[in-house]
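What follows is a short report on a single structure.
Coordinate-derived values only; no laboratory data. What you are looking at is a predicted structure, and each value in this text was computed from that prediction instead of being measured. A quick note on method: Cβ atoms are made from the backbone with ideal geometry, for glycine too, and the neighbour counts reach across all protein chains shown.
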Amino acid sequence: MKRNKTAWLLCMAALCLVLYTIVVSRASARTDVIFGGAEGGFIRSDSASFVDPATYNTPEPTVDIWPAIDITQSQYSLVTDKDPDHILNSLWEPDIAQIPNTTEYFDIAALPYLEAMIQDLKDNGFGVYVGSGYRTYSYQKRLFDGKATQIAMGLGVPVEKEMYLDPRYQEAVEEAKTITAYPGSSEHQLGLAVDLFDKVYYPPLSYSTMNQKFFDYLDSICYKYGFIKRYPTRKLLLTGWDEPWHYRYVGVEAATFITEQNLCYEEFYKHYNPDFNY
Ligand SMILES: [Zn+2]
């Protein structure tokens with residue numbers, strides 16, 4: 001009887017381990033297949049190596065030309081893990097609507113601007129692929145945990161229920177933070193950010209091998225629709241991210257000013273909120 005019970009327990013433990021392994025490997029696969037950029041695998045050094053510190057330090061515009069805006073409006077929200085006051089909690093949800101002809105969602109008020117920008121790209125002969133729009137906190141958590149688990153496995157941490165207790169798992173978490181935004185610190189949770197490509201690219205994403213004409217054109221028109229290139233390579237040392245396909249809606253007035261002055265969003269935001277740290 002006792003032997004039977006032991007065998008049964010061993011069997012169940014083995015089954016749990018198999019199921020857990022499947023779940024973890026699916027989570028990791030999902031990170032690598034569906035999304036790129038800060039969310040999936042990409043070659044950080046691909047374009048980051050081009051950053052010249054002399055080029056990211058933009059002189060501050062003189063005070064009187066800054067637009068008179070209310071920075072507390074939700075369209076100006078800034079999310080970053082560099083400042084604890086700028087992390088979203090798990091309950092934060094925007095009003096969203098589906099981006100037509102995609103499986104992605106976007107902020108309902110900003111969606112017409114995104115649609116117009118996509119139409120502009122199409123009218124100019126480009127294919128458009130929306131890699132990622134709104135993302136929930138829990139989905140970001142799954143992406144992040146999948147990435148941390150994948151890295152931990154690479155460090156030799158055995159896949160088991162308590163693997164997070166292994167000190168090497170913490171190492172993996174720290175490394176994962178440089179690849180995938182920590183839950184609550186992804187701008188995609190705002191519903192105001194979108195990853196745009198001219199077609200599907202497969203990870204690891206490498207910007208220099210993508211269609212530069214698409215991005216050159218998009219960069220030249222996005223401000224007209226209220227969007228900025230949120231994590232340009234030249235600003236990597238200020239934003240912490242090099243994600244040249246990630247565009248963010250901030251409204252036409254702010255986007256135009258940011259583009260004209262060659263600012264990143266952190267530089268812009270700090271002017272209105274001096275307590276902000278980045
Ligand atoms: Zn993104």
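At a 10 Å Cβ-Cβ cut-off, how would you order S206, S220, fewest neighbours first? Working shown, then result.
Numbers: S206 14, S220 10.
With the fewest neighbours first, S206, S220 line up as S220, S206.
When each of Y223, Y249 is scored by the number of other beta-carbon atoms lying within 10 Å, the sequence from fewest to most is Y223, Y249. Taken one residue at a time, the phi angles of region 70-81 give Karplus couplings (6.51, -1.76, 1.60, θ = phi - 60°) of 9, 5, 7, 5, 4, 5, 9, 3, 10, 10, 7, 7 Hz. Gly and Pro are set to x.
Do me a favour and compute the ellipsoid semi-axes for region 116-186 from its Cα gyration tensor, root of five times each eigenvalue, largest one first, whole Å.
On the way: eigenvalues 257, 29, 18 Å².
For region 116-186, the semi-axes come out at 36, 12, 9 Å.
Placing R0 at 25 angstrom, the Cβ-Cβ distance between D83 and E253 gives a FRET efficiency of 0.55 after rounding to 0.05.
Cross-link list K82/K177; K199/K224; K147/K235; K213/K235: which exceed 18 angstrom alpha carbon to alpha carbon? Too far apart for the 18 Å limit: K199/K224; K147/K235; K213/K235.
What order do you get for S132, S77 when you list them from fewest to most C-beta neighbours inside 10 Å? Please report the intermediate quantities before stating the final value.
Details: S132 24, S77 20.
In increasing order of surrounding Cβ atoms, one gets S77, S132.
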